[in-house]
Amino acid sequence: MVKIYVTTTVRNPVKAEAGVVGIILETEIKNELHTLTDFEKVCANKETAELIALNLALSHLTRPVDIYLYSETDTAAERLLSGMLEKWKEAGWKNTRGKEIKHSDEWDKLLDLYEKNVISLSFEKTPHHSYTRWMLEKIEKEKMNEKLNECSDESGASPQSSKEPTKRPG
């Protein structure tokens, strides 16, 4: 079982804004807790920022595992579990009305990573998980929010990752 914790500084649910997404992957190996932390600067609305964060997290997996996701939104998990992404892909990334799906490249990446690396997915929609405060403090302390360019459009991510294995805080 791998637990994925997602946090983002992006707050706008509609308009794209510059921000940072952070993920922590947590697993136990031989009764010892192991974590991997990664952060990425993005230009996105809240839902898309969390989609980008989930892709970031899943990209670190090296084999199929059971996932438990802690996130502020449930959109990506719900769309995965409902089969909606497969329907969109079969329809050429268009919805039932024939309109193009926004950020289809990110949704396609999510579906691909999910199919390769996830045995089962459970999730909890929560505004605060056990790492939220620590991740936000790390973003602030390392000034990851500084020098973010303003978003000129809703193109998605402008990645600048900072990967590091960490010990569980506190």
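When the helices of the chain are scored as -39500 (n - 2.57) per DSSP H run of n ≥ 4 and the total is divided over every residue, the value at 222 nm lands at -9000 deg cm²/dmol. Within the chain, DSSP assigns beta bridges of which about 70% are antiparallel (rounded to the nearest 5). Cross-link partners of residue 3 among aspartates and glutamates, defined as those whose alpha carbon lies under 16 angstrom from its own and excluding same-chain residues fewer than eight positions apart: 26, 28, 32, 38, 50, 66, 72, 74, 124. Figure note: 37, 96, 73 ranked by solvent-accessible area, largest first, 1.4 Å probe, ligands and nucleic acids not counted: 96, 73, 37.
Once the gyration tensor of the Cα atoms in segment 1-146 is diagonalised, the equivalent ellipsoid follows with semi-axes of 25, 20, 12 Å, ordered largest first. Using a probe of 1.4 Å on the protein chains alone, the accessible area found for residue 88 is around 30 Å².
Sorted by accessible area with a 1.4 angstrom probe, largest first, how do 39, 123 fall?
Ranked from most to least accessible, the order is 123, 39.
Would you mind finding the longest exposed-site-free stretch of the chain, with exposed trypsin sites (Lys or Arg not before Pro) meaning DSSP loop and at most 16 other Cβ atoms within 10 Å? After excluding every exposed loop site, the longest remaining stretch is 31-96. Pairs of Cα atoms nearer than 8 Å and 6+ residues apart set the relative contact order; for segment 1-86 it is 34 percent. In a shell of Cβ-Cβ distance under 13 Å around residue 50, excluding residue 50 itself, what net charge do Lys and Arg (+1) and Asp and Glu (-1) give? With Lys, Arg at +1 and Asp, Glu at -1, the net is -2. Once divided by 2.2 N^0.38 Å, the Cα radius of gyration of segment 1-84 becomes 1.12.
The values are calculated or read from the model by the stated rules, or taken from the named source; none is laboratory data. Keep in mind it's a predicted model, so treat the numbers as computed, not measured. Neighbour counts run over all protein chains shown; Cβ positions are idealised from the backbone, glycine included. With ligands, DNA and RNA removed, areas are computed over all heavy atoms of the protein, side chains included. Shrake-Rupley method; radii C 1.70, N 1.55, O 1.52, S 1.80 Å.
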